[in-house]
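First comes the structure, then the notes that go with it.
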Amino acid sequence: MGPAEDFIGMANFKTLFTDKIFLKAVANSFIIVALSLFIQLPMGLFLAILFGRGLRGRAFFRTIFFLPYVFSEAIVAVMWRILYNPEPSRGFINAVFQAFGWETQAWLGNTDLVLFSIFIVLTWKYIGFHMLLYITGLQNIPKDVEEAALIDGVNKRQMLTYITLPLLSGTIRTSVYLSVLGSLQVYAIVWIMTKGGPVNASEILSTYMYRFSFVRFQLGYGAAVAIIMLIIALIFSITYMSFVRRTEHIV
Amino acid sequence: MSYDGTKKSTNFKNIILVTLKYVVLISALLFIIVPIIIIIFGGLKTRGEFYTIPYIPPIPPRWGNIASILNMPVFWYMLRNSVVVTVTGTVIVIVVASMSAFVFARMNFKRKGALFQFFTLGLMFPATVAILPIFLIIRQLGLQNNLIGVILVLATFQVSMSTVILRNFFMEVPSELHDAALIDGCNTIGFFRRILLPLAKPSLAAVASLSVVNIWNDLLVALVLLDSEKLWTLQLGTMQFQGQYGQDLSLVSAFLILAAVPAVIFYIFAQRHIVSGLTAGSIKG
């Protein structure tokens, strides 16, 4: 690469925003962010709250739930490719479906299902991490606050909505932040499991960027995608920071 | 009488609630653990067994697949490369982050705040976004297809978070300690090396464990920067192995078992440090 002599202005961006596959990738990335925020995190929070109340075998549960986090995305992706194998005699998921008498599915081959299948894998890998954050947050809630509330006669539901959740809001914010940035960063799991397919049904920003940069070697176009990703990440980070500052003034 | 009645019904309610709790937890537990067990079963079967009886325990276990992977020289190359990258990278992270954290926590200079903001920029955007410029820079440095390039990039992306965690810890150490050390004739570097670092051992362990996990698990940087098979890391190797032997599911499962072993061993010994690093990093970051 010599010095950049042949500037083409905004041409790459114009191509980008008229490319249906790029728009699909943007939409899919946002779908993964949304699913993480509205399904994965509430599930993690729910499990963490179940844990928090002096449960027997806590250490054991925690060790197991957190285990997938230390596996690499490469290992997780290859593993779930095997589990998702459409043949029930090879893929465990379809074997379970068959055992229950449900219709087996082409988990990674069906354009309507593939993104959801990938989301399940992401949940499998990352839910333990968010649980861990919430459990730590719950442990940091001072005991005397809850005791005072109990003396004042609040019931369990009031305790959760008026005491526990508000005191946990800092942790929830952090986990939302990490989840959004993490979702934008997902690459290995999707690339190994589907390469963005079938027919671009699971294309996300990172796989789209990788394809143009390192498979087709259209570096300029790939860079344009990377810039869009950077802008999304920065807009989100800045919004988050200013939101945190604003709410911290109130509290 | 009525008192007894309510007592009984709350007891009954409690039993149901506790049972429900465990049902939910155990279902979640199965969701996490069954996939792992199925892969372990698969890896300990012959190819024929995998396709006829894939989901029952491998009795007796067949070690043939495991043995054939252990006999592949390329597996040992991958393992060695991953160890080299992870250990060197983590050492770099610890050295750089502890020194920069010390400067940001203890020294005063012009534009310190702005510089610290700049340092923490790395927290704001993921490495995936920067992979293209990384590739171009490493290529210009002539470090493409060289483990040094991978080490530099992966270490750099751990420095921001590690600096933030260590700086927070250093700031909690009372400044009287520093003053006392200076009065006793210790200079600043001596204070850093002989007093602060030993005190910071738990934080250093947390930061190091986190770096080990993150660097060990990288796929993208290695994929973009390394070509020759002899330099592949374990994660890159996992991906390529799947591409090459994808049809032989029992062999791939065996590979997964072996590729996961180092991470699991590390997890068993460093779980506490990983957890405290993650929570410290995310709460302060």
> For chain A, what does the alpha-carbon gyration tensor say about shape, rounded, prolate or oblate, given a ≥ b ≥ c as the root eigenvalues, a/c under 1.5 as rounded, and a/b over b/c as prolate?
Replying inline: oblate
>> Based only on other Cβ atoms within 10 Å, what is the fewest-to-most ordering of B:24, A:225, B:96?
In response: B:24, B:96, A:225
>> Explain nothing, just the number: relative contact order of segment A:184-223, from Cα pairs under 8 Å at least 6 residues apart, as a whole percent.
In response: 28 percent
> On the first, second and third principal axes, largest extent first, how far apart are the outermost C-alpha atoms of segment A:21-79 in Å?
Replying inline: 50, 26, 12
>> For the protein assembly as shown, take every pair of Cα atoms, bin their distances at 20 Å starting from 0, and report each bin as a whole percent.
In response: 19, 52, 26, 3, 0
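Is chain B rounded, prolate or oblate when judged by the Cα gyration tensor, a ≥ b ≥ c being the square roots of its eigenvalues, rounded requiring a/c under 1.5 and prolate requiring a/b larger than b/c? Present the calculation step by step, with values, prior to reporting the outcome.
Numbers: a/c = 2.48, a/b = 1.19, b/c = 2.09.
Cα axes put chain B in the oblate bin.
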>> Placing one identical point scatterer on every Cα of segment B:226-273 and ignoring solvent, what is log10 I(q)/I(0) from the Debye formula at q = 0.15 Å⁻¹?
In response: -0.49
>> Just to be sure I understand the curve: with the Debye formula and one point per C-alpha of segment B:126-245, what is log10 I(q)/I(0) at q = 0.11 Å⁻¹?
In response: -0.54
>> Give me the inter-chain shielding for A:205-215: mean count of other chain Cβ atoms within 10 Å, whole number please.
In response: 3
>> Sort B:101-107, B:151-157 by the packing proxy (mean of other Cβ within 10 Å over each peptide's residues), most packed first.
In response: B:151-157, B:101-107
>> Residues of segment B:138-168 with the amide nitrogen closer than 11 Å to a label point 7 Å from the Cα of residue B:111, along Cα-to-Cβ, please.
In response: none
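Distance check, please: which entries in A:143/B:21; A:125/B:201; A:24/A:195 exceed 25 angstrom between their Cα atoms? If you can, show how the numbers build up before the last one.
Working: A:143/B:21 22 Å; A:125/B:201 29 Å; A:24/A:195 14 Å.
Check vs 25 Å cut-off fails for A:125/B:201.
No lab work stands behind these numbers, since they all come straight from the coordinates. This structure is a prediction, so every number in the text was calculated from the model and none was measured. Note that each Cβ is placed from the backbone with ideal geometry, even for glycine, and that neighbours are counted across all protein chains shown.
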